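Step one of this worksheet: look at the structure below.
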Amino acid sequence: MTSTMQEPVELLRDRLERAFAVHTNRLTELTVRGPATDPATYEAQVESARHGVANTAQALRRMSEGSYGRCEACGTTIDWQRLVAVPHARRCSHCR
């Protein structure tokens, strides 16, 4: 990662860390509270929170490993605009 990208990537890291906290808190809340609505809606909410936790955790792991911003499919650099829009993106626009 180039030094010119370092500062903006730190901003994305902050966004990802906040998103991770939000998803984790939501999953905890759902687990403690249990189904307040119909079971199908509850399961969808739990699955959405789990998906959010997994996506953000994987993106943060890639950052720490130094592979963040590289497409997992073709290895090219993921466009900055895509990372801003989807900070947990694993694939470039072409491979998604």
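For segment 34-52, a residue qualifies if it is within 11 Å of H23 (Cα to Cα) and either at pLDDT below 95 or among the polar types (S, T, N, Q) (or both), and the qualifying residues are Q45, S48.
Selection of segment 39-52 for residues being closer than 22 Å to D14 by Cβ and aliphatic (A, V, I, L, M) yields only A49. Just name the residue that is nearest to A59 (Cα to Cα) out of those in segment 20-48 that are acidic (D, E) and in a helix (DSSP H, G or I). It comes out as E47. Evaluating N55 against the criteria (1) modelled with pLDDT of 95 or more; (2) closer than 15 Å to P8 by Cα leaves one unmet condition, (2).
In segment 59-96, what residues are surrounded by 15 or more Cβ atoms within 10 Å (Cβ to Cβ) and in a helix (DSSP H, G or I)? Result: A59, L60, R62, M63, R82, L83.
The values are calculated or read from the model by the stated rules, or taken from the named source; none is laboratory data. Source: prediction; values computed, not measured. Cβ sites come from the backbone with ideal geometry, for glycine too, and all protein chains shown count toward neighbours.
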